[in-house]
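A short worksheet on the structure shown next.
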Amino acid sequence: MIEVDTSAHGERLDHFLAAHGPTLSRARLQKLIEQGYVLVNGHVPSKAGQKLRTGDQVTWQIPELVASPLAPSDIPLDIVYEDGDILIINKPVGLVVHPGAGHQEGTLVHALLHHCQDLSGIGGVERPGIVHRLDKDTSGLLAIAKHDQAHVSLSQQLQTRQMHRYYLALAEQGFVDEQGVIEAPIGRHPVERQRMAVVADGRYARTLWQVKAHLGVYTLLELKLDTGRTHQIRVHLKHIQRPLVGDPVYGSRRQHPFRVERPLLHAWKLVLEHPVSGHIMRFEAPLPADFQGVLKRLDPAGKIQL
């Protein structure tokens with residue numbers, strides 16, 4: 001039990017628990033509140049964002065982790081790094097990260113449950129170990145937490161922008177400047193609800209970009225995510241009228257002089273602090289064959305330096 005002092009007066013319940021309660025991820029704390037495992041003055045709170053008052057008494061109970069109902073699948077993983085706390089993988093194009101509509105099996109989560117026998121429940125039974133995600137057709141680096149302490153640490157690094165994620169992307173059109181920043185709020189498209197868009201009432205989103213190579217009417221970009229909104233890079237590139245090559249949702253209908261079957265976006269580099277040792281770790285994943293093939297077509301002399 002913790003009593004709310006004057007310094008926490010007016011604070012959200014979930015924020016208060018994250019700072020003063022059990023060492024669990026924000027998402028799991030919110031779930032505990034929703035499920036009635038957290039009490040304020042002996043009563044179930046109305047919502048996770050309920051505002052606290054000085055003198056309120058907050059208690060909680062942590063239930064046993066529920067094993068994931070998903071069946072493990074022996075799907076090969078390209079493991080870049082692994083220890084007892086984290087797993088860094090290079091996700092291939094076409095692999096869905098977690099189950100959802102139309103993808104109830106054969107996902108990265110199913111593969112993780114086979115590879116790591118003790119992941120059940122961490123980050124939620126449907127997304128065990130998952131800290132951040134990549135779209136199905138985006139390749140590259142993903143960090144996986146093997147236990148709750150690691151999950152909390154990596155999640156906090158994402159929220160505080162201490163985890164750095166760098167992408168390579170092929171965009172249409174040229175760029176006058178060599179680098180820049182896109183700041184534009186992202187939310188659900190007002191009409192097409194399956195899509196995201198830059199909207200006035202969206203969530204703050206910031207993407208940093210730098211030109212790696214000018215390739216005629218195309219540009220190879222390095223992009224750094226400063227926030228992590230759904231489809232952020234794809235939406236931001238569309239917003240500045242430099243859409244991602246091969247993007248069927250946010251791209252153009254331009255015919256290309258090469259074959260492209262998916263958005264040319266790759267999670268290239270990942271920098272994070274190890275959740276237990278505190279060491280800064282840096283990882284890099286090479287471009288997949290299809291992306292490399294397009295670049296060779298546009299740069300036959302091989303002048304691109306990555």
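For the reader, a short list of remarks on this structure follows.
- Dipole of the chain, positive end: most advanced residue of PRO128, ALA169, VAL40 [Cβ charges, Cα centre]: ALA169
- Among the GluC sites (Glu not before Pro) within the stretch 151-202, those in coil by DSSP and having at most 16 neighbouring Cβ atoms inside 10 Å are GLU178, GLU192.
- Dipole-positive endmost among LEU272, GLN305, VAL249 within the stretch 166-306 (Cβ charges, Cα centre): VAL249
- Formal net charge of residues neighbouring GLY216 (Cβ-Cβ distance under 15 Å; K, R +1; D, E -1): +4
- Taking amide H as placed 1.01 Å from N in the peptide plane, the amide H of GLN50 sits under 5 Å from that of LEU13, ASP14, each at least 5 places away or on another chain.
- Sorting the segments 253-265, 85-97, 276-288 by their residues' average number of neighbouring beta-carbon atoms within 10 angstrom, most packed first, yields 85-97, 253-265, 276-288.
- Residue-count net charge about PRO76 - beta-carbon cut-off 15 Å; Lys, Arg +1, Asp, Glu -1: -2
- Length gained on full extension, ASP83 to TYR204, computed as 0.36 nm times the residue gap minus the Cα-Cα distance: 40.1 nm.
- Charged-residue dipole, Cβ positions (Lys, Arg, Asp, Glu), the stretch 164-298 about Cα centre, Debye nearest 20: 340 debye
- Each helix, a run of at least 4 DSSP H residues, gives -39500 (n - 2.57); summed and divided by the residues of the chain, these come to -5000 deg cm²/dmol at 222 nm.
- Local electrostatic count, GLU34, Cβ distance below 12 Å [Lys/Arg +1, Asp/Glu -1]: +2
- Which of THR227, LEU154, ALA27, positive extreme of dipole for the chain (C-beta unit charges): THR227
- Gain upon complete extension [ALA19, LYS296; 0.36 nm per residue less C-alpha separation]: 94.7 nm
- Mean Cα-pair separation over length for the chain, i.e. relative contact order, pairs under 8 Å, 6 or more apart, %: 14 percent
- Of all lysines in the structure, the ones whose alpha carbon falls short of 26 Å from that of LYS224, not counting any fewer than 8 places away in one chain, are LYS91, LYS136, LYS146, LYS212, LYS238, LYS269, LYS296, LYS303.
- Total charge dipole magnitude, the stretch 2-60, about the Cα centre, Cβ charges on Lys, Arg, Asp, Glu only, Debye to nearest 20: 240 debye
- Electrostatic dipole magnitude of the chain [Cβ: Lys, Arg +1; Asp, Glu -1; Cα centre; debye, to 20]: 1080 debye
- Cut-off 15 Å, label 7 Å out along Cα→Cβ of GLN305, residues of the stretch 270-286 by amide N: none
We did not get these values from a lab; they are worked out from the coordinates using the rules stated. In this text the structure is predicted, and so the values were computed from the model without any measurement. Ideal geometry is used to build each Cβ from the backbone, glycine not excepted, and the neighbour counts take in all protein chains shown.
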